[in-house]
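Structure first, commentary second.
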Amino acid sequence: MMRQTVLLTLQDIPYFCYPESVGHYMDHVQHAVLREAGALNNFNIHYVASGKGYVEVDGVVHELRAGQAFLYFPQQRQHYYSSEDDPWDVRWVHFYGERLHDYMIERGLHRNLLWTLRQRSSWEEAHLALLTEAEQNTMLRPAQLSTLTYAVLAEFVQHAVPLKSTRTTSKAENRVLALLPQMQQEACQPFLLQDWADLAGVSSYYFCKMFKSAVEMTPMEFITRSRLQMAKQWLLERPTANIGQIAEEAGYPNASYFNRQFMAHEGMTPTDYRGLYHN
């Protein structure tokens, strides 16, 4: 299967980033690319969904498998190709933007070529949305193309870690990730670490370790963010509700502690935040 849409390169685009091409190859044994330095003037991300392929870096050939990716900067030499015995399902986007180079450098993305995505599904969904938009509307909706390209990049920035310093997500980490929607929904209830560890089928110590590895925060930090998010929404939806009442419903023992947590994250008290929207 081959899906590919190539778009016209625009000059002086009013967007932060914009796609030059986006595509998806599967069971395409002949997929092989060799571009000498200076041949291509855009960034590109290639992500392996399944199968395997190879990327040459400074004369060394690296094997890439599911969940791994490579990122090229403009003008870089590029040499990559699919495995013949297990062809890769590879998905990519080529993109550019006037201020992208500084953005990528500031985040240290120039330091590595090979990456692993800790959470794969969100990047895959963002890429599919961009590919579908490009196929259906080509350049009829340029702002939408830019927005979807940024979504692909943002998911990569959030979840990509250098390949040489990490491993693929474990089954235990996947069980932890699967619990996140439920944890967010029930965040305002008393937080019992052991109950969540039991649902994941691991000890409480291992649950905390896997949670930190997969989500880059502790379980309690995630619960706190979820509670504050709901409290912010309630402050706007219920302008006459007492702050103490909202604090209690959000899972806090008293308004004073809620105020401190809110101030730490938002830089203002709940009352001041509400005042921004309601006189």
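The values are calculated or read from the model by the stated rules, or taken from the named source; none is laboratory data. Just so you know, these numbers come straight off a predicted model, no measurement behind them. So basically every Cβ, Gly included, is an ideal-geometry build from the backbone, and we count neighbours across all protein chains shown. To get the accessible areas, we keep the full protein, side chains included, count just its heavy atoms, and leave off ligands, DNA and RNA. Shrake-Rupley method; radii C 1.70, N 1.55, O 1.52, S 1.80 Å.
Those residues that are assigned to a loop (DSSP other than H, G, I, E, B) and either within 25 Å of the chain's Cα centre (by Cα) or modelled with pLDDT of 95 or more (or both), I need them from the stretch 208-238; list them, please.
Here is the first cut: in the stretch 208-238, the ones assigned to a loop (DSSP other than H, G, I, E, B) are 216-218, 238.
Those that are assigned to a loop (DSSP other than H, G, I, E, B) and either within 25 Å of the chain's Cα centre (by Cα) or modelled with pLDDT of 95 or more (or both): Glu216, Met217, Thr218.
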One residue from Val152, Val93, Val176 being under 18 Å from the mean Cα position of the chain (by Cα), without any contact (Cβ under 8 Å) to a residue 40 or more places away in the chain and crowded, with 20+ Cβ neighbours inside 10 Å
Val176
Where Ala126 falls short, out of the listed (1) surrounded by 17 or more Cβ atoms within 10 Å (Cβ to Cβ); (2) in contact with a Pro (Cβ under 9 Å, 6 or more places away or on another chain); (3) without any contact (Cβ under 8 Å) to a residue 40 or more places away in the chain:
(2)
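Please work out which residue is nearest to Val57 (Cα to Cα), limiting yourself to the stretch 96-120 and to residues that are open to solvent by less than 70 Å² (accessible area, probe 1.4 Å) and in a helix (DSSP H, G or I). Steps first, answer last, please.
Pass one, the stretch 96-120, residues open to solvent by less than 70 Å² (accessible area, probe 1.4 Å): 96-97, 100, 103-105, 108-109, 112-119.
Restricting the remaining residues to those that are in a helix (DSSP H, G or I) gives 100, 103-105, 109.
Numbers: Leu100: 23, Tyr103: 23, Met104: 20, Ile105: 19, Leu109: 16 Å.
Here the answer is Leu109.
When you go through Leu114, Leu148 one by one, which is the residue that is in contact with a His (Cβ under 7 Å, 6 or more places away or on another chain) and modelled with pLDDT of 95 or more?
Just one listed residue meets the conditions, Leu114.
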Out of the residues in the stretch 64-90 that are more than 19 Å from Ala37 (Cα to Cα), in contact (Cβ under 8 Å) with a residue 12 or more places away in the chain and open to solvent by 20 Å² or more (accessible area, probe 1.4 Å), which is farthest from the chain's Cα centre (by Cα)?
Glu84
Could you tell me whether any residue of the stretch 17-27 is among the β-branched types (Val, Ile, Thr), closer than 23 Å to Arg99 by Cα and surrounded by 13 or more Cβ atoms within 10 Å (Cβ to Cβ)?
yes
Lone qualifier among Thr138, Thr169 - being of a type in the set (Ser, Thr, Tyr), at pLDDT below 95 and surrounded by 18 or more Cβ atoms within 10 Å (Cβ to Cβ):
Thr169
Name the pairs whose Cβ atoms lie under 7 Å apart, with the first residue in the stretch 18-30 and modelled with pLDDT under 95 and of a type outside the set (S, T, N, Q), the second outside any strand (DSSP E or B) and open to solvent by 20 Å² or more (accessible area, probe 1.4 Å), and 6 or more positions between them or separate chains?
Met26/Met1; Asp27/Met1; Asp27/Pro87; His28/Pro87; Val29/Glu84; Val29/Pro87
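Anything in the stretch 131-163 that is in a helix (DSSP H, G or I), within 12 Å of Val22 (Cα to Cα) and among the β-branched types (Val, Ile, Thr)? List them, or say none. Full working, then the answer.
Our first condition is that a residue be in a helix (DSSP H, G or I); within the stretch 131-163, this holds for 131-137, 142-159, 163.
Filter once more, keeping what is within 12 Å of Val22 (Cα to Cα): 131-135, 145, 148-149, 152.
Across the stretch 131-163, the qualifying residues are Thr132, Thr149, Val152.
Could you tell me whether Val60 is farther than 30 Å from Leu180 by Cβ, open to solvent by less than 30 Å² (accessible area, probe 1.4 Å) and more than 19 Å from the chain's Cα centre (by Cα)?
Values: farther than 30 Å from Leu180 by Cβ: yes; open to solvent by less than 30 Å² (accessible area, probe 1.4 Å): no; more than 19 Å from the chain's Cα centre (by Cα): yes.
Spelling it out, it is not the case that Val60 is farther than 30 Å from Leu180 by Cβ, open to solvent by less than 30 Å² (accessible area, probe 1.4 Å) and more than 19 Å from the chain's Cα centre (by Cα).
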Given the criteria in a loop (DSSP other than H, G, I, E, B), farther than 12 Å from Phe156 by Cβ and not basic (Lys, Arg), does Leu128 qualify?
no
From Leu34, Leu71, Leu64, residue being touching a His at 6+ places or on another chain (Cβ under 6 Å) and over 26 Å from Asn137 (Cα atoms)
Leu34
Exception for Tyr205 within (1) farther than 18 Å from Phe70 by Cα; (2) at pLDDT 95 or above; (3) surrounded by fewer than 16 Cβ atoms within 10 Å (Cβ to Cβ) falls at (2)
